[in-house]
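The values are calculated or read from the model by the stated rules, or taken from the named source; none is laboratory data. Just so it is clear, the model here is predicted, and its values are computed rather than measured. Quick reminder, even Gly has a Cβ in these numbers, built from the backbone with ideal geometry, and neighbours come from all protein chains shown. When the accessible area is computed, the model is the full protein with side chains, heavy atoms only, and any ligands, DNA or RNA have been set aside. Shrake-Rupley method; radii C 1.70, N 1.55, O 1.52, S 1.80 Å.
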Amino acid sequence: AFYLSSLGGNLALTRRIVAHANDCNAAIAWNPGSKELKKGLGSIQDFLPEVSMFMVNREEATMLTGKKEIAGMFGRLVTASNVVIITDGEKGAYASRGGKAWHAGTTGRKAVSRTGAGDAFGSAFLAAFLQVKDVPTALATATLNADSVIRQVGAKAGIMRKWPTEAQLKTIKVTAL
């Protein structure tokens with residue numbers, strides 16, 4: 001699996017990495033950076049069917065799609081082959097795949113620092129989804145990992161070292177939309 005983040009707006013390099021991942025039959029998760037996002041939806045839309053997971057925060061999704069409601073954002077970003085995740089800070093996160101959508105709440109704990117939360121969320125979502133092939137479980141796992149990171153200072157401090165237990169996963173309320 002590949003986890004692709006900001007490449008400084010270099011969509012040619014993004015194209016090569018995505019093509020290589022597809023040639024290897026590897027899953028690819030893409031959390032584009034601000035320079036990729038500023039190029040607009042038209043510039044990145046070709047990539048959407050080729051990535052397994054596309055993740056942005058709510059502000060980025062609004063900027064890309066021009067939509068304010070989650071359903072409208074999903075309507076512009078979801079393809080037949082991908083999972084789209086839209087994080088929304090203290091309001092949780094949303095995911096859509098195959099015509100279904102879910103919302104995951106948070107633990108409600110206060111953040112010490114938000115540094116690294118997005119990457120902690122995205123990498124845990126990818127790992128969980130590859131492991132269990134279940135979006136709600138991946139959302140809960142990702143939320144727990146991000147929660148663990150925001151309760152410490154530093155981008156890597158707090159990253160989960162063990163798979164969450166069933167009891168831990170149940171602390172995150174995931175509902176179908």
Problem set entry | Subset of the stretch 58-84 (residues that are open to solvent by 60 Å² or more (accessible area, probe 1.4 Å) and touching a residue at least 60 places away in the same chain (Cβ under 8 Å)) | A71
Exercise. Which members of the stretch 99-130 meet the condition of being in contact with a helix residue (DSSP H, G or I) (Cβ under 9 Å, 6 or more places away or on another chain), modelled with pLDDT under 95 and outside any helix (DSSP H, G or I)?
Worked result: G105, T106, T107, G108, R109, K110, A111, V112, S113, R114, T115, G116
Problem set entry | Neighbours by Cβ (under 7 Å, 6+ apart or cross-chain): first from the stretch 145-171, on the phi < 0 side of the Ramachandran plot; second open to solvent by 30 Å² or more (accessible area, probe 1.4 Å) and at pLDDT 85 or above | D147/T106; L169/T137
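Answer with yes or no whether F54 is free of Cβ contacts under 8 Å to residues at least 40 places away in the same chain, under 11 Å from the mean Cα position of the chain (by Cα) and farther than 15 Å from L177 by Cα. Lay out the reasoning, then the answer.
Working: free of Cβ contacts under 8 Å to residues at least 40 places away in the same chain: yes; under 11 Å from the mean Cα position of the chain (by Cα): yes; farther than 15 Å from L177 by Cα: yes.
Yes: the conditions hold for F54.
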Exercise. Do we find a residue being surrounded by fewer than 20 Cβ atoms within 10 Å (Cβ to Cβ), at pLDDT below 90 and in contact with a strand residue (DSSP E or B) (Cβ under 9 Å, 6 or more places away or on another chain) anywhere in the stretch 85-92?
Worked result: yes
Problem set entry | Scope the stretch 30-57; condition among the polar types (S, T, N, Q) and either in a loop (DSSP other than H, G, I, E, B) or open to solvent by less than 20 Å² (accessible area, probe 1.4 Å) (or both); matching residues | N31, S52
Exercise. Filter the stretch 1-29 for residues that are in contact (Cβ under 8 Å) with a residue 60 or more places away in the chain and open to solvent by less than 70 Å² (accessible area, probe 1.4 Å); which is nearest to the chain's Cα centre (by Cα)?
Worked result: A29
